[in-house]
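Pasting a structure below so you can have a look.
The values are calculated or read from the model by the stated rules, or taken from the named source; none is laboratory data. No experiment lies behind these values; they were computed from the predicted model shown. Counting neighbours? That spans all protein chains shown, and the Cβs are built from the backbone with ideal geometry, glycine included. When the accessible area is computed, the model is the full protein with side chains, heavy atoms only, and any ligands, DNA or RNA have been set aside. Shrake-Rupley method; radii C 1.70, N 1.55, O 1.52, S 1.80 Å.
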Amino acid sequence: MGRDELDVSIWRGDANGGRFEDFKVPAQDSQTVLDVVSWVQQNEDPTLSYRYACRVGMCGSCAMMVNGVPRWTCRTHVKKVLDGQKVTVAPLRNLPVIKDLATDMDPFFDKWVKAAGVHHPSKTRDDPIEAVNPASPARVEADTGIECINCSVCYAACDTVTGNADYLGPAALQRAWTLYNDAKDADQQTILDAVSGNGGCHNCHSQGSCTLYCPNELNPMKAIAGLKRATAASFFKRRK
């Protein structure tokens, strides 16, 4: 291997299995992992499948496992993750593989729905817009999670998801917490019921991988802790 080359292993296959294939990729300044994957597809193997869009860390679609860690590949510089001159790229963990580095995101978004992570309107489009105090404690809490862009990095990082296919996962639960604290959401109880059942927030082991690896520096573990408190309070309130 030349000093200006990288040893790159890329996972190839589909839902039925696969293997890693090795490539020699020219090393360049300010090179991202997405640049490396794109070089392989453009110069070595045009059948390589992967997903990306914005290339600037806004869409999250290029998330992959890089040396075993879930990352946005467009924002991950190769020099920061190299093991010697080697880098390994694989599809996101905890999601079905469509082909090569492209995963099926349906299970991830299906769990948003199961967590009641859709807005429950309190007004109709014919009603006047209700003002919300941006400094209110609930609004401040809701704002902590709205920068989630659905990249599924936290989902791939979560060992609880790995061990429990029914677990809703950090992103869906964080979305539920955001809506629970939204003054314009009309059904807090539906949210609490959705996240307190099998696969809900109480399955979280508070290991914190979701928070550690979130590229937007959000804190899903804190949101899940909030849901645990809220569901427990709701349970005891109903018991009275």
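Out of Asp29, Asp22, report the one residue that is in a loop (DSSP other than H, G, I, E, B) and either surrounded by fewer than 16 Cβ atoms within 10 Å (Cβ to Cβ) or among the hydroxyl-bearing types (Ser, Thr, Tyr) (or both).
Step by step, each of Asp29, Asp22 is checked, and only Asp29 is in a loop (DSSP other than H, G, I, E, B) and either surrounded by fewer than 16 Cβ atoms within 10 Å (Cβ to Cβ) or among the hydroxyl-bearing types (Ser, Thr, Tyr) (or both).
I've got another one for you. How many residues are touching a helix residue (DSSP H, G or I) at 6+ places or on another chain (Cβ under 9 Å) and either open to solvent by 60 Å² or more (accessible area, probe 1.4 Å) or basic (Lys, Arg) (or both) if we restrict to segment 195-218?
7
Then there is this: Mind checking which residues of segment 82-115 are surrounded by fewer than 16 Cβ atoms within 10 Å (Cβ to Cβ), out of contact with any strand residue (DSSP E or B) (no Cβ under 8 Å at 6 or more places or on another chain) and under 24 Å from Leu168 (Cα atoms)?
Within segment 82-115, Asp106, Phe109, Asp110, Val113 meet the criteria.
Table: residues versus (1) of a type in the set (D, E, K, R); (2) outside any strand (DSSP E or B).
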position: Leu6; (1), (2): no, no
position: Ile10; (1), (2): no, no
position: Val36; (1), (2): no, yes
position: Met58; (1), (2): no, yes
position: Met65; (1), (2): no, no
position: Pro70; (1), (2): no, no
position: Lys80; (1), (2): yes, yes
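May I pose another question? Can you confirm whether segment 153-160 contains a residue that is assigned by TED's automatic domain parsing to the domain that holds Ser206 and surrounded by fewer than 23 Cβ atoms within 10 Å (Cβ to Cβ)?
Yes, there is a match, as at least one residue in segment 153-160 is assigned by TED's automatic domain parsing to the domain that holds Ser206 and surrounded by fewer than 23 Cβ atoms within 10 Å (Cβ to Cβ).
Determine, yes or no, whether Ala194 is under 27 Å from Cys59 (Cα atoms), in a helix (DSSP H, G or I) and at pLDDT 95 or above.
Criteria not met by Ala194.
Mind checking whether some residue in segment 25-40 is closer than 23 Å to Cys154 by Cβ, over 20 Å from the mean Cα position of the chain (by Cα), not small (Gly, Ala, Ser) and not assigned by TED's automatic domain parsing to the domain that holds Glu147?
yes
For Arg125, are the conditions met, namely being surrounded by fewer than 13 Cβ atoms within 10 Å (Cβ to Cβ) and modelled with pLDDT under 95?
yes
I'd like the full set of residues that are part of a loop (DSSP other than H, G, I, E, B) and out of contact with any helix residue (DSSP H, G or I) (no Cβ under 6 Å at 6 or more places or on another chain), limited to segment 133-145.
Asn133, Pro134, Ala135, Ser136, Thr144
Give segment 219-240 a look and list any residue that's at pLDDT below 95 and touching a helix residue (DSSP H, G or I) at 6+ places or on another chain (Cβ under 8 Å), or say none.
Across segment 219-240, the qualifying residues are Ser234, Phe235.
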